[in-house]
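Structure first, then comments.
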Amino acid sequence: MAGDTGVKPSDIESTTMSKVTWRLVPFLMLCYFIAFLDRVNVGFAGASMRADLDLSATAFGGAAGIFFIAYFFFEVPSNLALHAFGARRWIARIMFTWGLISGAQAFVTGELSFNIVRLLLGMAEAGFFPGIIFFLTLWFPTAYRARIVGWFMFAIPISTVIGAPISGLVLGLEGVGGLHGWQWMFLIEAFPALIMTFAVLHYLTDRPVDAKWLKPEEREWLQGRLDRERAEREAILDLSWFRSMLDWRVIALGLVYMGCNIPQYGLSFFLPQIVKAFGVSNLTAGFITAVPYLVGAIGMVAWGAHSDRTGERKWHAAIAFLFIIAGLGLASTTDDPAIKMLLLCVAGFGFFAVLPIFWTLPTAFLSGAGAAAGIAAVNSIGNLGGYFGPQAFGLLRDYTGADVTGLVFLAGCAFVGMVIVLLLGYNPAISRNLAATTAG
């Protein structure tokens, strides 16, 4: 893993970063895989759940998305708590509470109870994703960020690639033990989060200085490099946690992230229902639904790695947005299942390719408590898109009886995100200077 400057890493850098990557990234991917599956499995339950509970598309979309309202209010306090108490203990707390509440979705009886449980789930999970992004800044120097975030967020599409067929299979347990298939799905898929609570407590290390699994010279090299990078950032811009939340760049990046999330979540909660309308079984629908996410997984890793190699961020993000806009916009013009899915695969590439690039933008100028609060603020604002996307798509679907206007709306939101990225820009000098002063 060379830096942005093309300078060959020293032996201690190569050895240390290889150890850190293999120690942390696969484990964090597994945690996020479980988190994201528990967040979006409601989409797989949608068709049968709506029928059993007599929910309209608007009511279902609103309940699915209300998760993000609680997420919005609890993100920053949760991330500040993580900064104060340490990632290991706080992430374990998050996983335990969301596992319990995710399983409780099996027992909702109507629109009101569904909304209450989804709201509680948002409170429980708030802080997990921005907490991990902040945690990664404590372990990985700037030149590694896009590819490492890409590998971590690889769990998002993979959670659907693997989870969609599994969820489709579990939905086939209809009537077993007197429960609906969707009830079994929520119960079974909540269990791993509870198990991982104890794994997090045992396995994670808060900072390099505490890593007994690194040699003393490796700990010293990594902590020294990260400390020098932090000093470089703070020499350019030093924000307290409160000022970082009000910084215009943080707010603008939150709006960009909303431009990512409105189309992603607006489609993801309804994609299984769109596919089911092709006239296929639950299991087949699960496999078909997984295809755009498989394409997205490839895009996420490849595009993030390319951005790190070139040191370019702005145009990588804008091009990924273009894939979303083109894919969704053109998908709205056809009813042919094969062509529609092909175009949704184009959008899928963009959905996930943009994410690792995007998360290099706030971490380029935020550090310390300012990074904890600023990253959480960006994520809070952006994840409101998880509420507005499904809500708007459900409303448009109920009103028109089709998906055309919903897909056009989602494409329009991605266009707004792309425009803000181009206007906001990115200062590559920060990354270049940090890489140059800390290489080796």
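Give the number of residues within segment 380-400 that are in contact (Cβ under 8 Å) with a residue 24 or more places away in the chain, closer than 10 Å to T58 by Cβ and not hydrophobic (A, V, I, L, M, F, W, C).
5
Limited to segment 296-320, what total is found for residues that are over 21 Å from F152 (Cβ atoms) and at pLDDT 90 or above?
Looking only at that region, the number is 3.
Taking segment 77-118, which residues are surrounded by 20 or more Cβ atoms within 10 Å (Cβ to Cβ) and either at positive phi or hydroxyl-bearing (S, T, Y) (or both)?
Once the filter is applied, which keeps residues that are surrounded by 20 or more Cβ atoms within 10 Å (Cβ to Cβ) and either at positive phi or hydroxyl-bearing (S, T, Y) (or both), segment 77-118 yields S78, S102.
Report every pair of residues separated by at least 6 positions or lying on different chains whose Cβ atoms are under 8 Å apart, first residue within segment 285-310 and crowded, with 17+ Cβ neighbours inside 10 Å, second not in a helix (DSSP H, G or I).
Once the first residue is crowded, with 17+ Cβ neighbours inside 10 Å and sits in segment 285-310, its partners that are not in a helix (DSSP H, G or I) give A285/F278; I288/F278; I288/V280; A297/F154; M300/F154; V301/F154; S307/R313; D308/D4.
Output yes when any residue across segment 138-145 is buried (at least 24 other Cβ atoms within 10 Å of the Cβ) and of a type in the set (S, T, Y), and no when none is.
Scanning segment 138-145 turns up at least one residue that is buried (at least 24 other Cβ atoms within 10 Å of the Cβ) and of a type in the set (S, T, Y).
One residue is enough: does segment 326-348 have a residue meeting the conditions under 20 Å from the mean Cα position of the chain (by Cα), more than 18 Å from G296 (Cβ to Cβ), crowded, with 19+ Cβ neighbours inside 10 Å and not small (G, A, S)?
Checked against the condition, which is being under 20 Å from the mean Cα position of the chain (by Cα), more than 18 Å from G296 (Cβ to Cβ), crowded, with 19+ Cβ neighbours inside 10 Å and not small (G, A, S), segment 326-348 yields no hits at all.
Pairs, please: C-beta under 7 Å, at least 6 apart or cross-chain, first residue within 16 Å of H180 (Cβ to Cβ) and in segment 95-113, second of a type in the set (D, E, K, R) and surrounded by fewer than 16 Cβ atoms within 10 Å (Cβ to Cβ)?
none
Restricting the search to segment 157-184, which residues are more than 25 Å from P292 (Cα to Cα) and surrounded by fewer than 22 Cβ atoms within 10 Å (Cβ to Cβ)?
L173, E174, G175, V176, G177, G178, L179, H180, W184
Which one of these does F74 not meet: (1) out of contact with any Phe, Trp or Tyr (no Cβ under 9 Å at 6 or more places or on another chain); (2) modelled with pLDDT of 85 or more; (3) buried (at least 24 other Cβ atoms within 10 Å of the Cβ)?
(3)
Residues being of a type in the set (D, E, K, R) and either modelled with pLDDT of 95 or more or touching an Asp or Glu at 6+ places or on another chain (Cβ under 9 Å) (or both): count how many of those fall in segment 99-143.
Counting residues in segment 99-143 that are of a type in the set (D, E, K, R) and either modelled with pLDDT of 95 or more or touching an Asp or Glu at 6+ places or on another chain (Cβ under 9 Å) (or both) gives 2.
From the list R23, R39, exactly one residue is closer than 25 Å to P192 by Cβ and modelled with pLDDT of 85 or more. Which is it?
Being closer than 25 Å to P192 by Cβ and modelled with pLDDT of 85 or more holds for just one of R23, R39, which is R23.
Residue-by-condition table, conditions (1) over 19 Å from I156 (Cα atoms); (2) within 20 Å of the chain's Cα centre (by Cα); (3) not in a helix (DSSP H, G or I):
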site: L255; (1), (2), (3): yes, yes, no
site: C260; (1), (2), (3): no, yes, no
site: Q273; (1), (2), (3): yes, no, no
site: L283; (1), (2), (3): yes, no, no
site: G286; (1), (2), (3): no, no, no
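Of all helices (runs of 4 or more DSSP H) completely enclosed by segment 1-118, which ones contain at least 3 residues that are over 25 Å from G386 (Cβ atoms)?
It comes to 11-53.
Go through V209, V200 for me and flag whichever is in a helix (DSSP H, G or I) and surrounded by fewer than 15 Cβ atoms within 10 Å (Cβ to Cβ).
V209
Against the condition touching a helix residue (DSSP H, G or I) at 6+ places or on another chain (Cβ under 7 Å), in a helix (DSSP H, G or I), in contact (Cβ under 8 Å) with a residue 12 or more places away in the chain and among the β-branched types (V, I, T), how does I166 come out, does it pass?
No.
Here is a check on your reading of the model: is L328 among the aliphatic types (A, V, I, L, M) and either in contact (Cβ under 8 Å) with a residue 60 or more places away in the chain or closer than 21 Å to I420 by Cα (or both)?
yes
The values are calculated or read from the model by the stated rules, or taken from the named source; none is laboratory data. This is a predicted model, so every value here is computed, not measured. Neighbour counts run over all protein chains shown; Cβ positions are idealised from the backbone, glycine included.
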